[in-house]
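Worksheet: the structure to be examined is printed underneath.
The values are calculated or read from the model by the stated rules, or taken from the named source; none is laboratory data. As the structure is a prediction and not an experimental result, all values here were calculated from the model. Backbone-built Cβ (ideal geometry, glycine too); neighbour counts: all protein chains shown. Accessible surface is based on the protein model in full, side chains and every heavy atom, while ligands, DNA and RNA are left aside. Shrake-Rupley method; radii C 1.70, N 1.55, O 1.52, S 1.80 Å.
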Amino acid sequence: MKKIKVCLDIRDLRIAKTGAKTYLEEISKQFKKGQHGFEFSFIDTWLPVYTGHNKILKIIEHIRFFFWKQLSLPLICVLKKCDILYCTDYFLPVIKPGFKTAVVFYDAFFWQYPDQYNRLWLALLNSVGVKAAKKADAVITISEYSKQQIHRYVGIDLSKIHAIHLAPKSSTTRLNTRDAVIDTSKKYILHIGVLEKRKNLLNLVRAFHLLLQEGFTDYYLVLVGNKVSKTKIDDSANILSLIESLGLQEKVILAGFVSDDQLAFYYKNASIYAFVSINEGFGIPILEAFQYDLPTLISDNNCLPEVGGDAVLTCDPFNVDDIRDKMKMLITDPILRETLITRGRTRLSQFSWERSTGELLAVFRNL
């Protein structure tokens, strides 16, 4: 029987960050292993991709991106006799001569918070990206929550959207202590993620301050992650200002970007993982916390309960007292801690890149 030929656009590996980069890397790894009934082709541009901050060069890069998606990519797919083109960055060719298309929409943030994104980029996304997605044969997203949000804000038919969960990033287990900003003798609450406004880190810092006032002064709060280049969504200046105003310079530690093996060190030695975001598409750090037997606190809304299931403690992310109270419970209740750790191991077993890839290929077979 003829194999289904899937062409994967990997240009985004040059510029993607955080979860989008993890997704494309992990799916590429699974495709390279070979999958029964499929043949894979990885398509990349031979031109360098501009990632700087010069406004003129950024506009030129947007134009080049448009030509890549709408002209170069479909032509390459025709020449390669592609059956399905898969793009993981919201954009597809509008015209798809002789092949089917599938695209990843990770979330609906662009449409939920339009004032936080570049106008030119949004215009391109709405005029071309959405048009191509509505003509696509399948739209892949990463949670049932995101599926509903995409349908609500973008208007794509629910029957076309497929929610396929992610899994923890595959990385080294070697614990690299080099340049660690906290040593293993200290107890700390951990958060992993860029310093975006939707991460709700201001309320996490406020809740931690209340925790210290209740006598838990031997704890630290460690925030691992860079500030964001997009000024409209970056919250780093507000976080620094709040830390200073509360006198927490010695208790709240900003670790910045860390490598994967350094990340393992922070997970391994933390006491609690706190993830109180206002909005997420999925929440890989929850699964990573489960990997390291970390009792985990999450927001009680958006997609996070879908990922954490019964293996997490939930809080109201808008209620600082509730965040404080739930952190206190995880510190003082050893039975609760052990229960969540045990459930976390069980919950983690339900997520893998092999399983995610299998569900994705099932969608491709149906196409």
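Table for the structure above
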quantity	calculated
Meets criteria (within 18 Å of the chain's Cα centre (by Cα) and more than 30 Å from H151 (Cβ to Cβ)) for Q262	no
Filter result for the condition that a residue is without any contact (Cβ under 8 Å) to a residue 12 or more places away in the chain and more than 27 Å from K17 (Cα to Cα), over T314, T346, T342	T342
Any hit, segment 139-148, residues being open to solvent by less than 10 Å² (accessible area, probe 1.4 Å), aliphatic (A, V, I, L, M), within 15 Å of T88 (Cα to Cα) and in a helix (DSSP H, G or I)	no
Any hit, segment 317-335, residues being at pLDDT 95 or above and at positive phi	no
Those residues of segment 86-113 which are open to solvent by 30 Å² or more (accessible area, probe 1.4 Å) and among the small types (G, A, S), in sequence order	G98
Residue under evaluation I272, criteria (1) surrounded by fewer than 21 Cβ atoms within 10 Å (Cβ to Cβ); (2) within 18 Å of T184 (Cα to Cα), criterion not met	(1)
Single condition L166 does not satisfy, out of (1) under 19 Å from the mean Cα position of the chain (by Cα); (2) surrounded by fewer than 21 Cβ atoms within 10 Å (Cβ to Cβ); (3) assigned to a loop (DSSP other than H, G, I, E, B)	(2)
Condition check for S159: within 22 Å of F42 (Cβ to Cβ), in a helix (DSSP H, G or I) and of a type in the set (S, T, Y)	no
Top-ranked residue of segment 40-80 - restricted to ones that are open to solvent by 30 Å² or more (accessible area, probe 1.4 Å) and of a type in the set (K, R), ranked as nearest to G98 (Cα to Cα)	K80
Residue within segment 80-89 that is part of a loop (DSSP other than H, G, I, E, B), over 26 Å from the mean Cα position of the chain (by Cα) and closer than 22 Å to G129 by Cβ present	yes
Residue count for segment 63-79, restricted to those that are under 28 Å from the mean Cα position of the chain (by Cα) and among the β-branched types (V, I, T)	1
In segment 295-321, the residues that are over 19 Å from the mean Cα position of the chain (by Cα) and closer than 20 Å to T339 by Cβ	P295, D310, A311, L313, T314, C315
Every pair of residues 6+ apart whose Cβ atoms lie under 6 Å, when the first sits in segment 181-195 and is open to solvent by less than 70 Å² (accessible area, probe 1.4 Å) while the second is modelled with pLDDT of 95 or more and assigned to a loop (DSSP other than H, G, I, E, B)	Y188/A270; L190/A270
Per-region count, segment 211-253, residues open to solvent by 20 Å² or more (accessible area, probe 1.4 Å), in contact (Cβ under 8 Å) with a residue 60 or more places away in the chain and among the aliphatic types (A, V, I, L, M)	1
